[in-house]
Amino acid sequence: MTAFLLEMQEKWKAPGFALAFLALITVFVFTRITRIKFFTFLILSTAYFLIFRFPDVANHVNFLIYLNLALMAGMVYAWIKQASTDHYYAMMRPVLRASLLGVYFWAGFHKLNTDFLIPQVSCSSMMLYRILDMVQSNLLGIPVMLIVIALALTGLWQGLIRPRLKSSNFPKILLLALLTCGGILLYTFGFAERDYVLLPEIILQVNIYFVLAWELLGSLLLLVPRLQAPILLLSWLMHAFIAMIGFVDFSALAGSLLFTFIPDRTLQHWQEQAEISLGGRKMHRARLYFGINAFAGIFSALYYLAYLDFDIKVTAGAILNLASILFLWPILTQLFTPKNRLDWQGLPVLNASMPKFMGVFLIGLCCFGLMPYLGLRTAGTFSMFSNLRTEGPRSNHLLLASNPLKQWGYQEDVVWVLDLPPEIVERGSKNAELIGSALPVVEFKKMIYDWTQAGQTVPVVFEYQGQLYDSPNIVQDPKWQTPQRNWEMYLMAFRVIEPENSGPNLCRW
């Protein structure tokens, strides 16, 4: 519910819906969340995406829709079986764990292509530069990297050093002072006023294989219960960073699913400390987590509506990370306090508590990730920031270069856009990159449909199947006019296609 709200509040594209869902979810969270209330939320949020946003939505929104549908199906099944709420959660945890593992796997598998391995154009390099830009920015006047270093040193001191010094004669205050000085020096000479325009290629190359290892290898290691703890910790840290460069909604969604990997014994320990004292009043950590993140919407509203001078991405990401630390604090203290550390056994991803029919959702998730290789949609299929290109007779994928799985020709039935009016180009980054590039006919007709609904006159120069078209108004062109959507336009979304001779495939979401 928090991830959905953060998605709605990200850019306030639909302020009326965002405010309505904020009010509804707040009431649900700060009262007793019953099955009926949660089911109502699932129906309304799914309906909003399918009616007003689908199919041109981000990868994590497609994933959120999928999760909503799976949760609703499980809830109906639990009602039929008259299962308790605890049994419903136990029943759905394997599905949620396997689903997150599947998204990680597909995100890594799509990156197994020749262009992702080129440091100069790799999406991993772009993300690394965005993270470096973030750590050089300020949060309420304080350098972000200085805050990160301070938090890291605090965790190092509290979790590892201080417990081991209790029987030592070494002056603790001296060691703490040395750590503080070291952190300041690290910031001063490592991050302050540093020019990251050109990082050494070896660093960019290592970052490429690190991302592949985290998503592809890490997803497979999550299948091994005893290896889950370090992968979970790494994943939470990675999502903490990417939350601060603009992916706060996806980080919140992934964080909620990572929580389903918490073993029962550790989960019980968390439940025993689930309430936190604030000013003499106790509040459940889940409500506090939601409330803090809902507060992030105020910052985003001020930024997009009032244009105040602060970095909304860093601010919203920092708020999510603060809320996550407070939410997970009982677990973190167990992990980093040696004398109280619980034996982390991990959990099998799938178990017998999952109803067999839920396997249909996991198969569907797998098929959705396969879509680019089948010749279907190329956008929103967990191929985010992967440099993947499957259009044409050959793919840039290392294992599927000959496109052996391709069955449909939507990716090859394309229009080459040669000219668009300036007012259309300025309306969005996707429109700007259209000129000189190709677009599948399905996607091109979706644009014509949108122009038709807006009552616009749009002159377009384009080429299709070797024929040049110079239409003074594509909206009224007898061959291309699109007064309504067909089923392909309702279900599919495609990326812009670069010319084959333009070099490596550039990074796109």
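Read-outs: derived from the displayed coordinates by stated rules, not from any lab. Nothing here was measured: the structure is a model prediction, and the numbers come from that model. Cβ atoms come from the backbone with ideal geometry, glycine included; neighbour counts cover every protein chain shown.
Structure values in brief
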| read-out | value |
| --- | --- |
| Residue-wise HN-Hα coupling along the stretch 17-34, computed from phi with Karplus coefficients 6.51, -1.76, 1.60 (Hz; x: Gly, Pro) | 5, 4, 5, 5, 5, 4, 5, 5, 5, 4, 4, 4, 5, 8, 10, 6, 7, 8 |
| The stretch 1-95 - Kirkwood radius from inverse mean 1/r over Cα pairs (Å) | 14.2 |
| Normalised contact order of the chain, rounded percent, pairs of Cα under 8 Å and 6 or more residues apart | 21 |
| The stretch 228-369 - percent relative contact order, Cα under 8 Å, separation 6 or more | 31 |
| Neighbour count of at most 11 Cβ within 10 Å plus DSSP loop: longest GluC sites (Glu not before Pro)-free window in the chain | 194-425 |
| Difference of contour (0.36 nm per residue) and Cα-Cα distance, residue 356 to residue 284 | 22.5 nm |
| In the stretch 14-109, trypsin sites (Lys or Arg not before Pro) in a DSSP loop with at most 14 other beta-carbon atoms within 10 Å | 32, 81 |
| Given 13/313; 406/479; 446/479; 445/479, the pairs whose alpha carbons are separated by over 21 Å | 406/479 |
| Helix-only CD estimate at 222 nm, as mean residue ellipticity for the chain, using -39500 (n - 2.57) per DSSP H run (n ≥ 4) | -16500 deg cm²/dmol |
| J(HN,Hα) series, the stretch 444-455, from Karplus relation 6.51 cos²θ - 1.76 cosθ + 1.60, nearest Hz, glycine and proline x | 4, 6, 5, 5, 4, 4, 5, 5, 5, 5, 7, x |
| Reachable aspartates and glutamates, given that their alpha-carbon falls under 14 Å from the alpha-carbon of residue 111 and they are not under 8 places away in the same chain | 215 |
| Under-5 Å amide H pairs with residue 284, H placed in peptide plane, nonlocal only | 276 |
| Between 0 and 90°, nearest 10: helix 201-212 axis offset from the chain longest Cα axis | 90 |
| R0 of 25 Å, Cβ-Cβ distance residue 27-residue 51: FRET efficiency to nearest 0.05 | 0.65 |
| Residue 35-residue 465 FRET efficiency (beta carbon distance; Förster radius 45 Å; 0.05 resolution) | 0.25 |
| Amide H within-cut-off set for residue 113, under 5 Å, with H built and near neighbours excluded | 398 |
| Amide proton proximity set for residue 419, modelled H, under 5 Å, gap of 5+ | 461 |
| Karplus 3J(HN,Hα) series, Hz, for the stretch 348-357 with 6.51 cos²θ - 1.76 cosθ + 1.60 (x for Gly, Pro) | x, 4, 10, 8, 5, 6, 6, x, 4, 5 |
| Cα long-axis angle, helix 35-48 against the chain (0 to 90 degrees, to the nearest 10) | 30 |
| Exposure proxy order (Cβ contacts within 10 Å, fewest to most) of 464, 88 | 464, 88 |
| Packing-based exposure ordering (other Cβ within 10 Å, fewest first) of 115, 413 | 413, 115 |
| Per-residue Cβ neighbour rank within 10 angstrom, fewest leading, 366, 507 | 366, 507 |
